[in-house]
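What follows is a short report on a single structure.
The values are calculated or read from the model by the stated rules, or taken from the named source; none is laboratory data. None of these values were measured; they are calculated from a predicted model. Note that we place each Cβ from the backbone using ideal geometry, even for glycine, and neighbour counts take in every protein chain shown. The area values use the complete protein model at the heavy-atom level, side chains included, leaving out ligands, DNA and RNA. Shrake-Rupley method; radii C 1.70, N 1.55, O 1.52, S 1.80 Å.
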Amino acid sequence: YKLLKMNGAWAVFLAFGAFLIYMCLGPSPYLSMDEGLYKDYMTRWGGRLTKEVIQDIEKENDRFTPIYALEDQLLMGNLTSDQYGDALIPYQSLSREKEAYDRVVSEKIHYIQEHPGAWLVYETGYEKLFDANGSQDIYEMLILFLGLLMAFSSMFSTEYQDGMDMLLSVLPLGRENLAIRKLKLGCRTAAIMAALSLAPRYASVALGYGFPQIMAPANSLEIFGGVPGFVSIFTMAILQGVFRIFAAVIAVCVTMFFSWKLKNTLAALFTGGLSLLMCPLLCLFGLKDWIWLSLWPLFHFPGILADSIPAALLAMMGFIGAAAVLGTKDAVIRGWGH
């Protein structure tokens, strides 16, 4: 009752839910003709690079014999560039198929040879799922943290503002029990919101690209080239959700700590905003290195696993985050609960 009605968090959760629905109902990704041809080849040959698959790839290469013949004539000087272009007009459709075929052979086959145990996997959807270019995670982090800040900044300060703090010690529930329940409620809500924040991305990828060979080794994707072969793409998807939930739990614990410590909702909201949102905003304004001082590595962990220094930073953030969560619990229960 205090969270939803007195503190007005129902409006925050309603806005967050409306935003998720809007994102889920958005247009599905557009696949160009070239991407569609590439997708057809990758889903056709997806999986382990077996002898049968290699034979099928070589058999498919025979379809492009007319184009190879024209290329040979061009190299031998029997055709000029203009004549070659005119001769290629009847084979435009076949030429586009060859470009998709060459993309598979030149890029994917070469990558598999350098990464033993990797599979042929249609990677476009997974690159969007894990935000390979790092352009979407930062905005999702800002929206999630802003919602948590607005919803939970008054979780403890409300008792100080209405005088209820003086009466809690004589009520049957007790201060300590109430403090524990508030912390549990905040962590559960943060976990649910973090998990739901991934729903639009998964819906978009599922509709546009699907999840082909999701049990394949994660190093089948170039963004996970340094990951051990026993880790699957499905495992990385689970870790994506776990890391995001962990970051949300850290954020809500920090917010509730300021709410208890500062005893003022606006002060807690402002201080929590500086702690959780300032560095991502500075990054968006052009100061890229500031992003490493935020919880962004937990949101975008696929992009930093290939580098030993950011990976060490990710591990350090895990220890710091666990300390923040446990420290908040102990501090609030000890300082407010007794």
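What is the dipole size for the chain, taken about its Cα centre, with +1 at each Lys and Arg Cβ and -1 at each Asp and Glu Cβ, in debye to the nearest 20?
Values: 25 positive and 30 negative charges, 461 e Å.
Computed charge dipole of the chain: roughly 2220 debye.
Rounded to the nearest whole Å², what accessible area per residue is found for segment 144-285 with the 1.4 Å probe?
Result: 43 Å² of accessible area for each residue.
Whenever you get a sec, compute what percent of the accessible area on the chain sits on carbon and sulfur atoms (1.4 Å probe).
Details: 11360 of 17400 Å².
Answer for the chain: carbon and sulfur cover 65 percent of the accessible area.
Expressed in nm², what is the orientationally averaged projection area of the convex hull enclosing the Cα positions of segment 44-180?
Averaged projected hull area, Cα only: 17.0 nm².
Starting with the highest mean, order 122-133, 277-288 by the number of other Cβ atoms within 10 Å, averaged over the residues of each peptide. Working shown, then result.
On the way: 122-133: 20.3, 277-288: 14.2.
Highest mean packing first, the order is 122-133, 277-288.
With the crude spin-label approximation of a point 7 Å out along Cα→Cβ, what separation in nm comes out for Asp72 versus Lys184?
My value for the distance between the label points is 7.7 nm.
With unit charges on the beta carbons (Lys and Arg positive, Asp and Glu negative) and the dipole taken about the Cα centre of segment 178-292, which residue among Gly229, Gly186, Ala218 sits farthest to the positive side?
The listed residue farthest towards the positive side: Gly186.
Report the one residue of Leu295, Leu207, Pro116 whose Cα lies farthest in the direction of the positive end of the charge dipole of the chain (charges on C-beta: Lys and Arg +1, Asp and Glu -1; origin at the Cα centre).
Leu295
Over segment 86-132, what number does the Rg to Rh ratio reach, with both radii from the alpha-carbon atoms and Rh per Kirkwood?
1.15
Which angle between 0 and 90 degrees, to the nearest 10, do you get for helix 137-152 versus the longest principal axis of the chain when only C-alpha atoms count?
Computed tilt is about 20 degrees.
Scattering from the C-alpha atoms of segment 41-82 alone, worked out with Debye: what is log10 I(q)/I(0) at q = 0.15, 0.19, 0.29 1/Å?
-0.53, -0.65, -0.95
Report the equivalent ellipsoid semi-axes for segment 79-158 in whole Å, largest first, defined as the square roots of five times the eigenvalues of the gyration tensor built from alpha carbon atoms.
50, 19, 9
Cα axis of helix 33-45 to longest principal axis of the chain: angle in degrees, 0 to 90, nearest 10?
In the chain, helix 33-45 runs at an angle near 90 degrees to the longest axis.
What does segment 209-282 give for Rg and for Dmax, in Å, if only its C-alpha atoms count?
18.6, 52
Springs between alpha-carbon pairs under 10 angstrom, Gaussian network model over the chain: which of Ser197, Ser95, Ser259 fluctuates most?
Greatest mean-square fluctuation among the candidates belongs to Ser95.
In the chain, if the dipole is taken from +1 on Lys/Arg beta carbons and -1 on Asp/Glu beta carbons about the Cα centre, which of Gly318, Met256, Leu196 is farthest to the positive end?
Projecting each Cα onto the dipole axis, the largest value belongs to Met256.
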